[in-house]
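Data block below; observations after.
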Amino acid sequence: MKRPLIAAVFFAGLLAAWHLLAASGRWSPVLLPAPLDVASYLVRAAADGSLAAAALVTGRRLAVGYLLGIGLGLPLGCLTSRFRSCSDTLGVVALGLQTLPSVCWVPLALLWFGQTEGAMLFVVVMGTSWSIQIATDDGLRSIPPIYQRAARTMGSRGLHTVLHVLVPASLPVVLSGMKQGWAFAWRSLMAAEIFVTILSGSGLGHLLHYGRELLAMDQVLGVMFVIVVVGLAADKIVFSPAERWVRRRWGTDA
Amino acid sequence: MTEPVAAKISATDAVKIAVEHVSKTFRGGTREVPALSDVSLTVGDGEFVCLVGPSGCGKSTLLNLIAGLEFPDTGQVSVDGQRVTGPGRDRMVMFQEAALFPWRNVIGNVLFGLELKPNLDAAARRETAEFYLRMVGLESFRDAFVHELSGGMKQRVALARALAPNPRVLLMDEPFGALDALTREQLYQDLQRIWQERRKTIVFVTHNVREAVCLGDRVLVFSPHPGRVREEFRIDLPRPRDLNGVDLARRAGEITQALKAHLANPDAA
């Protein structure tokens, strides 16, 4: 009972401070809108459907890009963990590209794909797959060899070993890689939407961008708020429960 | 008391495991480590044989060769007259670490080997798994997660998992080495009881001489660099044996003396 109360007091205080600062008149309302202005933008945008439409466009891009990133990263991680020749080559490429902030892919994507969905997807996939590849590689390498030995003595071979030993044994590490991959996909997509202006659908990043162009600070802050909420929701609804389940089962929290 | 090395077991017993002139050398980088040198021994059907010796004497290597997890450089290992070419369900292994799968609960671990056994439906597998969990006294923990178990309980589950597919041979590589003394003593009692009930052929590796005397029909003494069988002791004490029994302690003392003599005098034949 105590924790929610502390949290409520904290956020109420934050909003009150923001309101007082905005009301003090020291800064132009164009630069610092009051919390109520932002709230009224959110209500308007929710009512006229523009927010939902943008969220839908963004969600679709995110889903496709993330799945493609997993589709590329998982098999690559399997290859680099299994074959020395792959880890010496592809593994190094992945490690290098993983350090590249995804927004750095935007110029290249624009020149290669133009202002298209393809450019957007390319940025997301490049931002996602390397971290998933590295996590998969780590996950498979971290499996204690004794599991495979024990499984072999019980008659497990080939595909059975993969499905019943390697996949579940690597799951905790791969899952945290998935989570990291999701965070990268989300960041990449926002960068792409802000920098790649296209006509095939405006996402949340575009709303943010137009807010700046129109000097509509209530829109900028409102959309930023929505982006934060989506990120939190993905964590609380998808990843946290999955991680809790793994921790409970694998006993990784002491 | 002492019998010649690689002694034949009495003629009436059928030979279950035969190790003939086996040598094995590990090559790591620039070093060559001879693990086993010309080792020969036989284990009778239903016999409980303990291999004792200091670390590096190749006793675990020998167990892995019988398990089919590794292969000899020269010589051969056969079980029931068949040359060992890989792991098989007739030979189950227990390791020093329980090596239980944390993504499966207790009964799920016991079911692992059974799921790989043909001609068993789900109900029969479950019944078998529960039977062996009862045998090791853990039926009430069937749905527990592995990390909720103590070290001794984990090894009990590992024992149930190894017994469940009903192998003829059980290969145990210092399975109780990491447990506390009280838990170990309890497991000696359990293992003796289970062995007498199920009559498995057991090869048990340990560096603990008293443990070997407490459990084995025969104790084979190994010496290291390279690993060789140096001496063999037959243990005729009545079962179940008490680790703290006077006779057991006396026998263990004799074997420890012999072991020390072999270590101090590595080149004597």
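The values are calculated or read from the model by the stated rules, or taken from the named source; none is laboratory data. No experiment lies behind these values; they were computed from the predicted model shown. Cβ: placed from backbone, ideal geometry, glycine included. Neighbour counts: every protein chain shown.
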*So, in the range B:225-261, of the ones that are within 14 Å of residue B:207 (Cβ to Cβ) and more than 19 Å from the chain's Cα centre (by Cα), which residue ends up surrounded by the most Cβ atoms within 10 Å (Cβ to Cβ)?*
B:259
_Those residues of the range B:160-216 which are polar (S, T, N, Q), under 23 Å from residue B:65 (Cα atoms) and surrounded by fewer than 19 Cβ atoms within 10 Å (Cβ to Cβ), in sequence order_ = B:166, B:208
*Filter the range B:17-34 down to residues that are assigned to a strand (DSSP E or B) and over 20 Å from residue B:232 (Cβ atoms), then give me how many there are.*
9
*Out of the range B:60-86, which residues are of a type in the set (Gly, Ala, Ser) and within 14 Å of chain A (Cβ to nearest Cβ)?*
B:60, B:67, B:68, B:86
*Report, by residue number, each residue of the range B:74-87 that is at negative phi and surrounded by 14 or more Cβ atoms within 10 Å (Cβ to Cβ).*
B:76, B:77, B:78, B:79, B:84, B:87
*Do we find a residue being of a type in the set (Phe, Trp, Tyr) and surrounded by fewer than 19 Cβ atoms within 10 Å (Cβ to Cβ) anywhere in the range A:112-130?*
yes
*Which one of these is free of Cβ contacts under 8 Å to residues at least 40 places away in the same chain, small (Gly, Ala, Ser) and either more than 14 Å from every other protein chain (Cβ to nearest Cβ) or assigned to a helix (DSSP H, G or I) (or both): A:211, A:201, A:222?*
A:211
*Select from the range A:27-65 the residues that are among the hydroxyl-bearing types (Ser, Thr, Tyr) and out of contact with any Leu (no Cβ under 9 Å at 6 or more places or on another chain) and write down the one among them that is modelled with the highest pLDDT.*
A:40
*Restricting the search to the range B:27-48, which residues are touching a Phe, Trp or Tyr at 6+ places or on another chain (Cβ under 8 Å), aliphatic (A, V, I, L, M) and more than 18 Å from residue B:262 (Cβ to Cβ)?*
B:33
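Residue-wise test of (1) over 13 Å from the mean Cα position of the chain (by Cα); (2) among the basic types (Lys, Arg); (3) over 18 Å from residue A:52 (Cβ atoms).
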| residue | (1), (2), (3) |
| --- | --- |
| A:198 | yes, no, yes |
| A:210 | yes, no, no |
| A:217 | yes, no, yes |
| A:231 | no, no, no |
*Give me the pairs, please: first residue somewhere in the range A:139-154 and within 11 Å of chain B (Cβ to nearest Cβ), second residue anywhere and modelled with pLDDT under 90, beta-carbon distance under 7 Å, and either six or more positions apart or on two chains.*
A:146/B:97
*Conditions: (1) free of Cβ contacts under 8 Å to residues at least 60 places away in the same chain; (2) in contact with a helix residue (DSSP H, G or I) (Cβ under 6 Å, 6 or more places away or on another chain); (3) under 20 Å from residue B:201 (Cα atoms); (4) aliphatic (A, V, I, L, M). Residue B:77 meets all but one. Number of the miss?*
(1)
*So how many residues does the range A:33-56 have that are more than 18 Å from residue A:228 (Cβ to Cβ), in contact (Cβ under 8 Å) with a residue 12 or more places away in the chain and of a type in the set (A, V, I, L, M)?*
3
*For residue B:108, work out the one condition from (1) away from every other protein chain (no Cβ under 12 Å); (2) in a helix (DSSP H, G or I); (3) surrounded by fewer than 22 Cβ atoms within 10 Å (Cβ to Cβ) it doesn't fulfil.*
(1)
_Looking only at the range A:155-190, filter to residues that are small (Gly, Ala, Ser) and in contact (Cβ under 8 Å) with a residue 24 or more places away in the chain; which one of those is farthest from residue A:252 (Cα to Cα)?_
A:188
*Taking only the range B:115-161 into account, find how many residues are over 16 Å from residue B:104 (Cβ atoms), free of Cβ contacts under 8 Å to residues at least 40 places away in the same chain and in a loop (DSSP other than H, G, I, E, B).*
5
*Looking at the range B:27-59, which of its residues are of a type in the set (D, E, K, R) and either under 30 Å from residue B:240 (Cβ atoms) or within 14 Å of chain A (Cβ to nearest Cβ) (or both)?*
B:45, B:47, B:59
*Hey, among the residues in the range B:142-158 that are in contact with a strand residue (DSSP E or B) (Cβ under 7 Å, 6 or more places away or on another chain) and within 11 Å of another protein chain (Cβ to nearest Cβ), which one's surrounded by the most Cβ atoms within 10 Å (Cβ to Cβ)?*
B:158
*Can you name the helices (runs of 4 or more DSSP H) wholly within the range A:1-119 that have at least 3 residues being of a type in the set (Gly, Ala, Ser)?*
A:2-23, A:35-47, A:50-82, A:84-98
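Okay, residues lined up against (1) buried (at least 21 other Cβ atoms within 10 Å of the Cβ); (2) facing another protein chain (nearest Cβ under 8 Å); (3) modelled with pLDDT of 95 or more:
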residue: B:89; (1), (2), (3): no, yes, no
residue: B:98; (1), (2), (3): yes, no, no
residue: B:120; (1), (2), (3): no, no, no
residue: B:123; (1), (2), (3): no, no, no
residue: B:131; (1), (2), (3): no, no, no
residue: B:134; (1), (2), (3): no, no, no
residue: B:137; (1), (2), (3): no, no, no
*Does at least one position in the range A:170-186 carry a residue that is closer than 30 Å to residue B:61 by Cβ, assigned to a helix (DSSP H, G or I) and among the β-branched types (Val, Ile, Thr)?*
no
*Would it be correct to say that residue B:89 is of a type in the set (D, E, K, R) and within 17 Å of residue B:166 (Cβ to Cβ)?*
yes
